[in-house]
Amino acid sequence: MASLNFVNSNPRQIKLLEVVRTHGSASVEQLADQLEVTLQTVRRDVQRLADAGLLTRFHGGVRVPSSTVENLAHQQRESLNAEGKARIARAVANQVPNGCSLILNIGTTTEAIAKALLRHKGLRVITNNINVAAILCDNPDCEVIVAGGVVRPRDRGIVGEAAVDFIRQFKVDIALIGISGIEADGSLRDFDYREVKVAQTIIAHAREVWLAADGSKFNRPAMVELARLPQIDRLFTDQPPPEPFPALLAESGVRCDIALD
């Protein structure tokens, strides 16, 4: 196993770690371009960092290590690829018409979307995310409806059967959902089965489902299946999806919007 002292003494590997931690994940080609080195050099560095437990490899790239049973803390997720999430949020907001009904679920990306909707008019927003509700309450032209249920202290998400029953009353124009991971079998995944139950109900009670997921979510494992790609109408992300996702998205009929600015 490579020692941390060895890693810390190598400026190129330190920069590689910083790039991956900023974006959550990166392909070998992206790392080679950004570091201005060969693919062979990147693969060698990635292997040493993976051996040291600092990165996790997947086919064609690398990501920050994560558990399949426990998500990162809210503050960590909020800072992880914040720039990419802001681009996604602006792209989503540009497509949301005034005067429509929405459901926003739990997640730092949906919170970024809420901030981008502050100038919209005539919105009616249902959410099980107290942070989203607090943000959108600053928009006087937005009616905010908060689901009842158990508040999860670590991120102020509302989960449980009460939240499921509450959301079943509605049928909205657009569901804006975030997730923890998209796996190569086309499954959308999360960590808390109670949160997943709410998200599944949200999907079932929307005329269109828009998924907002930054590049770190591709090939990221999580324990509970939330949905499959064919249940999604549009995907908003901040970088071109890696293989095999372009073909999966096309087969599933999902429109992919890449937010570049």
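Before moving on, here are some points about what is shown:
- Of all residue pairs spaced 6 or more apart or on separate chains, those with beta-carbon atoms under 7 Å, a first member in segment 226-253 that is in the same structural domain as Ala184 (by TED's automatic domain parsing) and at pLDDT 95 or above and a second member that is among the aromatic types (Phe, Trp, Tyr) and surrounded by 18 or more Cβ atoms within 10 Å (Cβ to Cβ) are Asp233/Trp210; Arg234/Trp210; Phe236/Trp210; Phe245/Phe218.
- Checklist (1) assigned to a strand (DSSP E or B); (2) without any contact (Cβ under 8 Å) to a residue 60 or more places away in the chain; (3) closer than 16 Å to Thr127 by Cβ applied to Leu176, failing item: (2)
- Annotation: Val132 fulfils all but one of (1) of a type in the set (A, V, I, L, M); (2) part of a helix (DSSP H, G or I); (3) farther than 30 Å from Phe245 by Cα; the unmet one is (3).
- Filtered residues of segment 198-236 (kept if touching a helix residue (DSSP H, G or I) at 6+ places or on another chain (Cβ under 9 Å), buried (at least 19 other Cβ atoms within 10 Å of the Cβ) and in a loop (DSSP other than H, G, I, E, B)): Ala213, Asp214, Asn219, Ile232
- Of all residues in segment 130-152, those satisfying the criterion of being modelled with pLDDT under 95 and either touching a Ser or Thr at 6+ places or on another chain (Cβ under 8 Å) or of a type in the set (Val, Ile, Thr) (or both) are Val150, Val151.
- Restricting segment 184-212 to residues that are acidic (Asp, Glu) and farther than 17 Å from Gly253 by Cα, the residue that is nearest to the chain's Cα centre (by Cα): Asp190
- Test: residue in segment 141-153 that is under 24 Å from Gly24 (Cβ atoms) and touching a residue at least 24 places away in the same chain (Cβ under 8 Å): yes
Yes/no matrix, rows are residues, columns are (1) in the same structural domain as Gly181 (by TED's automatic domain parsing); (2) more than 21 Å from the chain's Cα centre (by Cα); (3) in a strand (DSSP E or B); (4) of a type in the set (Asp, Glu):
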| residue | (1), (2), (3), (4) |
| --- | --- |
| Ile88 | yes, no, no, no |
| Ala93 | yes, no, no, no |
| Thr110 | yes, no, no, no |
| Val125 | yes, no, yes, no |
| Asp138 | yes, yes, no, yes |
| Ile145 | yes, yes, yes, no |
| Gly148 | yes, yes, no, no |
| Val164 | yes, yes, no, no |
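The values are calculated or read from the model by the stated rules, or taken from the named source; none is laboratory data. Since the model is a prediction, treat every value here as computed from it, not as a measurement. Note: ideal-geometry Cβ built from the backbone for every residue, glycine included; neighbour counts use all protein chains shown.
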